[in-house]
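Worksheet: the structure to be examined is printed underneath.
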Amino acid sequence: MDLRERIDRARVPRHIAVIMDGNGRWAKRQGEMRVAGHSHGVGAVREALMAASEVGVRYLTLYAFSTENWNRPQEEVDALMDLLVRTLMSELDSLNENGVRLNAIGDLDSLPGDCNGILQKAIDSTASNDRITLTLALSYSSRWEIVRTMRLLAEKVRTGEIDPADISEELVSEFLCTRGLPDPELLIRTSGERRVSNFLLWQIAYAELYFTDVLWPDFKKDDLFTAIIDYQNRERRFGMISEQVSPR
Ligand code: IPE
Ligand code: IPE
Ligand code: MG
């Protein structure tokens with residue numbers, strides 16, 4: 001049976017987050033430069049986005065560039081920023097045709113000016129689309145985000161707008177970059193690495209983690225469907241016991 005047909009549409013994760021990893025290794029295997037891997041990764045983004053949208057996922061969040069990725073060789077960083085600009089320009093019409101609302105999280109001010117400008121334009125141009133929200137994590141790391149949140153909250157306490165006792169899980173969530181997005185139920189990482197690499201540490205508190213050996217440029221719609229089916233076969237207990245969450 002078609003993998004897509006095996007998905008229970010009533011239990012599709014609302015929000016899937018993906019650590020898109022393995023572009024460099026993919027390129028090396030092809031005997032190409034690392035940047036060729038990143039270029040081919042754009043096709044995988046298209047596959048994942050369309051697959052998610054087809055089965056009713058409402059939020060897809062992709063780790064595209066981490067705070068730590070600034071430490072890569074300058075030519076790779078430049079190539080990635082250039083690819084981002086070119087991709088945003090070439091894909092904008094398709095995002096609008098497919099009802100995709102673009103969003104971004106991270107230290108966007110640290111991106112080169114043209115990059116940030118094009119990004120903001122694409123975000124504005126897709127703002128009224130409501131089929132699926134595609135969030136790109138750019139110059140993002142979870143610890144950076146949490147420190148930023150602490151500063152914002154500390155400032156509110158200093159000015160007397162809030163009392164320390166008002167700080168709750170809900171309030172912290174409101175001050176994270178992901179404000180307004182539900183927590184991801186499923187986190188996928190490609191390329192066989194089994195780590196989280198500073199991604200959405202607060203938000204994935206109860207996410208199901210799914211690791212696949214597929215390198216990101218090879219990721220296809222069926223890989224997303226396989227991950228969703230795997231997710232649907234798990235029992236999410238949230239600290240309770242099996243009988244409480246699946247009563248017989
Ligand atoms: C992921 O692929 C893309 C980014 C981090 C920007 P990598 O570039 O990390 O690929 P590998 O891990 O070296 O294979
Ligand atoms: C994580 O991948 C960041 C992105 C996918 C953008 P990395 O390839 O940078 O992660 P590490 O350094 O291997 O953990
Ligand atoms: Mg990597």
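The values are calculated or read from the model by the stated rules, or taken from the named source; none is laboratory data. All figures in this text were calculated on a predicted structure; none of them were measured in a lab. A quick note on method: Cβ atoms are made from the backbone with ideal geometry, for glycine too, and the neighbour counts reach across all protein chains shown. Heavy atoms of the whole protein, side chains included, go into the accessibility calculation; ligands, DNA and RNA do not. Shrake-Rupley method; radii C 1.70, N 1.55, O 1.52, S 1.80 Å.
Only helical DSSP H runs with n ≥ 4 go in: add -39500 (n - 2.57) per run for the chain, normalise by residue count and round the 222 nm mean residue ellipticity to 500 deg cm²/dmol. Each step should come with its number before you reach the end.
Working: 8 runs with 105 residues, N = 248.
The helix-only estimate for the chain comes to -13500 deg cm²/dmol at 222 nm.
What's the magnitude of the charge dipole for segment 158-228 around its Cα centre, counting Lys and Arg as +1 and Asp and Glu as -1 at the beta-carbon? Answer in Debye, nearest 20.
Details: 7 positive and 14 negative charges, 72 e Å.
In total the dipole reaches around 340 debye.
Calculated on the Cα set of the chain, radius of gyration then Dmax: 18.8, 60 Å. Each Lys and Arg contributes +1 and each Asp and Glu -1, all at the Cβ; summed about the Cα centre of segment 12-232, the dipole is approximately 320 debye. Considering only VAL12, VAL172, VAL100, the Gaussian network model of the chain with Cα springs below 10 Å gives its largest mean-square fluctuation to VAL172.
When nucleic acids and ligands are ignored and a 1.4 Å probe is applied, VAL45 ends up with an accessible area of around 40 Å². Once you reduce segment 44-91 and segment 109-179 to the center of their Cα atoms, the two points are 18 Å from each other. Of the residues PHE225, PHE211, ranked by 1.4 Å probe accessible area with the largest first, the sequence reads PHE211, PHE225. Note on the chain: with a GNM built from Cα contacts shorter than 10 Å, the maximum mean-square fluctuation among ASN129, ASN198, ASN71 falls on ASN71. Assuming charge only on the beta carbon of Lys and Arg (+1) and of Asp and Glu (-1), the dipole of segment 60-140 about its Cα centre is about 260 debye to the nearest 20.
Result for the chain in a Gaussian network model with C-alpha springs under 10 Å: among ALA44, ALA64, ALA127, the largest mean-square fluctuation is at ALA127.
Which peptide among 231-240, 32-41 comes first, and what is the full order, when sorted by highest mean count of other Cβ atoms within 10 Å? Write out the running numbers ahead of the final one.
Values: 231-240: 11.0, 32-41: 18.8.
Peptide ranking by packing, descending: 32-41, 231-240.
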